[in-house]
1. Which residues, counting only those in the stretch 70-92, are of a type outside the set (A, V, I, L, M) and open to solvent by less than 60 Å² (accessible area, probe 1.4 Å)?
2. Go through the stretch 7-62 and count every residue that is among the hydroxyl-bearing types (Ser, Thr, Tyr) and either touching a strand residue (DSSP E or B) at 6+ places or on another chain (Cβ under 7 Å) or open to solvent by 70 Å² or more (accessible area, probe 1.4 Å) (or both).
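The values are calculated or read from the model by the stated rules, or taken from the named source; none is laboratory data. Quick caveat, the model's predicted, so the values are computed rather than measured. Backbone-built Cβ (ideal geometry, glycine too); neighbour counts: all protein chains shown. To get the accessible areas, we keep the full protein, side chains included, count just its heavy atoms, and leave off ligands, DNA and RNA. Shrake-Rupley method; radii C 1.70, N 1.55, O 1.52, S 1.80 Å.
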Amino acid sequence: MAAGPPPPLEPSPLPTFAEEGFAEKFVRKTRENPLVPLGCLCTIGVLAYGLVCFKKGNTRRSQLMMRARVVAQGFTFAALLGGMVATAIKSR
């Protein structure tokens with residue numbers, strides 16, 4: 001019962017996306033999850049202030065800022081994970 005070779009498969013056209021520059025992508029990602037850039041800015045601010053305190057010799061404040069930096073990084077990571085979970089739930 002050989003009916004012959006199967007018909008050739010037609011390739012489906014690939015989806016096309018508009019070209020997106022760095023600025024447009026940054027704005028889009030920031031709108032999707034605004035807590036991540038906020039956490040990054042907070043981390044950088046706390047780190048910079050901690051380094052200034054370290055340079056001035058204020059070791060107590062410097063240590064406090066380094067601990068605050070860890071907390072800010074944890075917030076940023078939690079915001080990143082939360083955004084990923086929200087995106088995964090929304091795509092279903």
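1. Gly74, Thr76, Gly82, Gly83
2. Final tally of qualifying residues: 4.
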